[in-house]
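Novice: One structure is given below, represented as structure tokens, and several questions about it will come after.
Just so it is clear, none of the values below were taken in a lab; they were calculated from the coordinates. Predicted model, so just to flag it, every value in this text is computed and none were measured. Here the Cβ is made from the backbone with ideal geometry for all residues, glycine too, and neighbour counts use every protein chain on show.
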Number of protein chains: 2
Amino acid sequence: MNTSVDKILSQTAEVDQASVQPFTGSQKIYVQGSRNDIRVPMREISLDDTPTDFGGEKNPPVRVYDTSGPYTDPEVAIDLRAGLPDIRSAWIEERGDTEILSDSQSIFTRERLDDPKLAHLRFNLTRKARRAKPGMNVSQMHYAKKGIITPEMEYIAIRENMALAQVRELGVLNQQHPGMSFGANIPGEITPEFVRSEVARGRAIIPANINHVELEPMIIGRNFLVKINGNIGNSALGSSIEEEVEKLTWGARWGADTVMDLSTGKNIHETREWIIRNSHVPIGTVPIYQALEKVNGIAENLTWEIFRDTLIEQAEQGVDYFTIHAGVLLRYVPLTAKRVTGIVSRGGSIMAKWCLAHHRENFLYTHFEEICEIMKAYDVSFSLGDGLRPGSIADANDAAQFGELETLGELTEIAWKHDVQTMIEGPGHVPMHMIKENMDKQLEVCKEAPFYTLGPLTTDIAPGYDHITSGIGAAMIGWYGCAMLCYVTPKEHLGLPNKKDVKEGIITYKIAAHAADLAKGHPGAQLRDNALSKARFEFRWEDQFNLGLDPDTARAYHDETLPKESAKVAHFCSMCGPKFCSMKITQEVRDYAAQQGVNVEGISEDQLVKMIDVEAEMQEKAREFIEQGAELYHKV
Amino acid sequence: MNTSVDKILSQTAEVDQASVQPFTGSQKIYVQGSRNDIRVPMREISLDDTPTDFGGEKNPPVRVYDTSGPYTDPEVAIDLRAGLPDIRSAWIEERGDTEILSDSQSIFTRERLDDPKLAHLRFNLTRKARRAKPGMNVSQMHYAKKGIITPEMEYIAIRENMALAQVRELGVLNQQHPGMSFGANIPGEITPEFVRSEVARGRAIIPANINHVELEPMIIGRNFLVKINGNIGNSALGSSIEEEVEKLTWGARWGADTVMDLSTGKNIHETREWIIRNSHVPIGTVPIYQALEKVNGIAENLTWEIFRDTLIEQAEQGVDYFTIHAGVLLRYVPLTAKRVTGIVSRGGSIMAKWCLAHHRENFLYTHFEEICEIMKAYDVSFSLGDGLRPGSIADANDAAQFGELETLGELTEIAWKHDVQTMIEGPGHVPMHMIKENMDKQLEVCKEAPFYTLGPLTTDIAPGYDHITSGIGAAMIGWYGCAMLCYVTPKEHLGLPNKKDVKEGIITYKIAAHAADLAKGHPGAQLRDNALSKARFEFRWEDQFNLGLDPDTARAYHDETLPKESAKVAHFCSMCGPKFCSMKITQEVRDYAAQQGVNVEGISEDQLVKMIDVEAEMQEKAREFIEQGAELYHKV
């Protein structure tokens, strides 16, 4: 604990203990790059040896992409009041194109800093904000276009390439089906130069504000692993800063690659500071929400000046990407009139209201180039919002939605002219057979700028299960080329997600993203599946749990049945029949082959051993048998 | 309660109260066919009027396909000891091609009946089993080929066509996207003649054993609504008959179209009798499981005679479809040797063991025509088992799997020669991009006989969430043409599902099946989505819950958040801003339009009213606002 921070802050900001537990059977490792300060985190899962009866071989550890950050590193002392370690300042400083601001350039920020009543809420940030020197552009896209490979790019190459390094070691698990990638351009190995070229081309973004120095760089693009976003945000006045940071660390633990802070209400400036200082993942926001707060929720009172000040305020804090609803044009709004569910995007409805009230064009559109100027001075990435996305199956792929998408395509080209990194937000609610049209149109209109979709939900009829209705659509659009999937929780449309819902949403979306990686044929993606299935076949239960996306739930589900069953071991054979256990069948097949010298169409004895397995229920019974009747088994 | 049954049976078989509750906001209705005894059940969901501010129109009730059976009919007195009402005997009797058997033709059945120790376990069936008269064929396919439209076919036409009748009434909800059906042949209206022609063609089956007279007929085929199966089965000696019937009624309540009884262990003959007598949905089994019990679990001791007796035993009881692993040929077994997970089908492993032990061809294959003779004498449908299905992503679409599928295609033609209804089981574990190959190959090789798949799971890395990994694959293969989806629960690979898991699996699969219906463009499928989305937009919360697949969970999730929020109504506006409530925005837009006489690009005032909406969280807050601040609102 940092006692000087303790003295300044009266609050007792405590880290969520559930988020700092190391994963079972795993250790945090760092792979070093070309310089000492490029240290890329991975989780390495240790595996047991294969049981002797299955061959007894060693199983090398499996490395998996690790979004959990310093929180799961036992070597790092977590203190929310001190924030996370600074890993990027040296990289940014040495580029020599930024300057430290002596004062905030945001009027609002200065007001907040000058208000003594807020002292107890403030994160104790002693570091000053940084900005591009006049005339300079500090975006990763700008460097990429100039042919510069930044430390961020090298970091990402190592991170994305992790699985490939493993595959070279792991012969037996090295098999993978050829993918079907719909024109993606996934190389056999992710090199720093490939990262650079994709960013230069606009086909990938590295959301990495120069003021977010705690960031572990990551990339969003169709030729990289599919990413997922989780949302947080204080939604009630009573929600504390600790609760928001807890949602952040909890979401990242289970796999959120980025987190959007959708807070509304009071003190969101201070809450955001705490979130960013304690976030190793990129943070996205929707600045119009805060701008609206500043005009007391009266949409028509919004002005470009207030919005601009909000962008600067948040850019100085280190927000990595902004959702900007610049495509909600006045002429598109009436196109939503006959929809079943009108405009369902909050930002979209705010801008539609403003446009109608003034009968003028959306000021985010008319000031778009000025927004670009701000973005490139801090390297904030665009997430061009889909304010007219469909809110029901009925409204999918309509003129309003696709009209806005066309405009987002135009805006992408303007952003790229400024070397501002850009991704595009997408729907929403879309039946399965209309998903690909969304992806294809986005790729075409937005020239392969990364697509970032909410689901889509493939039916409207399952409130309470919209993580699943949307997980189906998310997996499919990820396969078709979507770069990042915004999660949906079971509480969607019904209420505010709790921690359990957040985890359920995140895991569902990790499944969708990984299923997409497999289908696209991302190199090495199948390794974890192979390792888990091999563990399953060999009754290495702990390995199966630890290789899963959620070892805790897998273990709990297993243990839920086992105690009841354990009392019934004596009935094992009479219940299932002695040959229902794959271990026993395997043994008998082996014995039979040995005795008879049988050669079934060229099959070897070793092959026979692996030939017979049974379903999961049986596997479990077999495991009990092994655990509780091991002596008997080994006497056979 | 039937007191005479009470006297005979000492056990107190009680129906699960959770399964007999009527659905909220719904009533059971019956649509009558061409004769008095064709009464097709549906659930009719009553809807509130649209709030005055949204136009105040009446919303006609919505009918949905109802799998819950007599259990949710308050007019039916449920007594498990008496079984369900007989609705088919008259239909079967009048065909004049069956005879009542004075004694069971199964040796095993006679032994069980003669054993006085089993008296307390027995269902009190006074009715004798029925069989085709010598030389007769009583399959629905046989009738269909002869041009006969059976009452079962008419019943199914009414049942499948339900939504269309509604669509004609419901103008505003009548919009539906054209589907993409990959060569399916879905008509605009399901007629009895269409049902007949599909059954005759082998493209659909009506699993309806002449001894299952309690059955509410349903159909499985790619040109009908996609169906789902739920599994039950006693897996522990302590599992009671009531528990099995409870799983049946619970699964059917939430949407299981058929149920497979996968029981092993003692007393499965008696358990099965209780299940069938209390089941309104078709029951499937895997007879080899019971046959194996009869030889004390020694696979190599299985004989054709024992298996044959088991088929007759179960056919006389009324099992509607049999999984028969006749495609596991000796020559395919070695092809599984190099797999990551070998053979994972229990039936497949039993038959592989038998083939290897005797080094002879699978007796299910060599006796296939004799099996057909039995099937057609009771109208049991084939579910040709995929004993070599892949158990991991690595093993998907391999030579063993597709070799077996080729054989299942041959067997389909043999079954059709005998007019035996046939569907084909499919995988398993398949990455997304390899799913369509499965469907296309099955359609080709099996000449469009219905496909019935387990998932498929689209990744192996999420034990504890395999309802989701497989729900993704299930939705996709349903879209591509799969006729029935076998559910997977969250406990798959880990333990035995409890009631919560069964429901989670069923709902996930209803989502998958419905998403598939939408994508295929099944006529009327989108009606329920439209009605729910309209209710959502208009803040008709109860309607939204009741139209959902699981009203109880939706309501509980909503209520979980609401109590916390209700205390904060005073902060509503300061938290979200007064314009974050779509109801208020709508009102202001309307006022604005009225005052200014604004005509925004031809948009009418009425259209403006529906134009602005906000996201779910906001909708909820708006609802609280309406509920708790309605007075304020109406004063505006």
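Novice: In the P(r) worked out for region B:366-414, what percent of Cα pairs fall beyond 12 Å?
Specialist: In whole percent, the share of Cα-Cα pairs in region B:366-414 beyond 12 Å is 68.
Novice: So which of B:K28/B:K146; A:K247/B:K534; A:K227/A:K500; A:K227/A:K417; B:K376/B:K503 end up more than 29 Å apart by C-alpha?
Specialist: Over 29 Å apart, Cα to Cα: B:K28/B:K146; A:K247/B:K534; B:K376/B:K503.
Novice: Non-local amide H neighbours of B:V31 (under 5 Å, H modeled in plane, Pro and chain starts lacking H): which ones?
Specialist: B:V40, B:M42
Novice: Continuing with the same structure: Return the average number of partner chain Cβ atoms within 10 angstrom of each residue Cβ along peptide B:493-504.
Specialist: 5
Novice: Please compute, for the alpha-carbon atoms of region B:291-418, the extent along each of the three principal axes and give them in descending order in Å.
Specialist: 41, 33, 23
Novice: Round to a whole angstrom and tell me the spacing of the C-alpha centers of region B:88-128 and region B:297-376.
Specialist: If you average the Cα positions of each part, the centres end up 26 Å apart.
Novice: Another question about this same structure. At 1.567 mPa s and 4 °C, plugging the Kirkwood radius over alpha-carbon pairs of region A:77-137 into Stokes-Einstein gives what diffusion coefficient in µm²/s?
Specialist: 93
Novice: Would you please give the residues with an amide H less than 5 Å from that of B:C486, counting only those at least 5 places away or on a separate chain, with H modeled from the backbone geometry?
Specialist: The answer is B:N229, B:T453, B:L454, B:G455.
Novice: What pairs in B:K436/B:K499; A:K117/A:K499; B:K447/B:K520 have C-alpha atoms more than 25 Å from each other?
Specialist: Exceeds cut-off: B:K436/B:K499; A:K117/A:K499.
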